Amino acid sequence: MTAAAIQIVRLADSLPDDFEALRQEASAESYRFVEGLREEWLAGHYGGADERFVTFAAFHEGELAGIGALTPDPYDAAPDLLRVRHVYVRPLHRGAGIGRVLAAALIQQGLDLAPRLSLRAADPRASAFWEANGFAPDTGGTRRSHLLTR
């Protein structure tokens, strides 16, 4: 799969039609953070006036392949910090570059809005992924595992 075959869409009005299938796949892998995204979306956090709340969906050949979000860091109120959250790529699409393209979109948007980005990697594979995308391990913050500074 080439990066040109991947479409990144900034969501504004609604979650994608097949979000429920993605949420169920994430839940089956014990990744509850996708449910957190759904709850925050339904509560109206995304698509409003606060540009720091951003959700991107990754599509491959018209199918929802992954999702991710940026928000103010809910665990660190520093005004110069945003958090990369709720990043999930469906199992059938892993290893094809979708996560890398989605991460690049989140990082670019995040660093346009704030000089620092934080995240909490779910496992060692996620840690390696984020480190390959420029994040450094960091234990100085509250509930974060990695930090990227512009």
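Couple of notes before you dig in:
- Restricting segment 10-89 to GluC sites (Glu not before Pro) in coil, as DSSP defines it, with at most 14 other Cβ within 10 Å: Glu29, Glu51, Glu61
- Rolling a 1.4 angstrom probe over segment 1-98 with all protein chains present gives an accessible area of which 49% lies on carbon and sulfur atoms.
- A 1.4 Å probe run over the protein chains yields, for the chain, 51 Å² of accessible area per residue, whole-number rounding.
- In order along segment 76-91, the phi-based Karplus estimate (6.51 cos²θ - 1.76 cosθ + 1.60, θ = phi - 60°) of 3J(HN,Hα) comes to 8, 7, 4, x, 9, 10, 10, 10, 7, 9, 6, 7, 8, 10, 4, x Hz; Gly and Pro are listed as x.
- Semi-axes of the equivalent ellipsoid for segment 2-50, computed as √(5λ) from the eigenvalues of its C-alpha gyration tensor and ordered from largest down, come to 19, 19, 9 Å.
- In the chain, Cα pairs under 8 Å separated by at least six residues give a relative contact order of 21 percent.
- The chain: proportion of alpha-carbon pairs further apart than 23 angstrom, %: 31
- Among 118-130, 97-109, the order from most to least packed when residues are scored by Cβ within 10 Å on average: 97-109, 118-130
- When the convex hull of its Cα atoms is projected in every direction, mean area for segment 65-150 (nm²): 5.0
- Each part gets one Cα centre, and for segment 15-71 versus segment 77-92 those centres are 11 Å apart.
- Computed from backbone phi, the HN-Hα couplings of segment 63-72 come to 9, 5, 10, x, 8, x, 9, 10, 8, x Hz, rounded to whole numbers (Karplus: 6.51 cos²θ - 1.76 cosθ + 1.60, θ = phi - 60°; Gly and Pro given as x).
The values are calculated or read from the model by the stated rules, or taken from the named source; none is laboratory data. Keep in mind that this is a model prediction, so the values were computed, not measured. Ideal geometry is used to build each Cβ from the backbone, glycine not excepted, and the neighbour counts take in all protein chains shown. All accessible areas refer to the heavy atoms of the entire protein, side chains included, with ligands and DNA or RNA removed. Shrake-Rupley method; radii C 1.70, N 1.55, O 1.52, S 1.80 Å.
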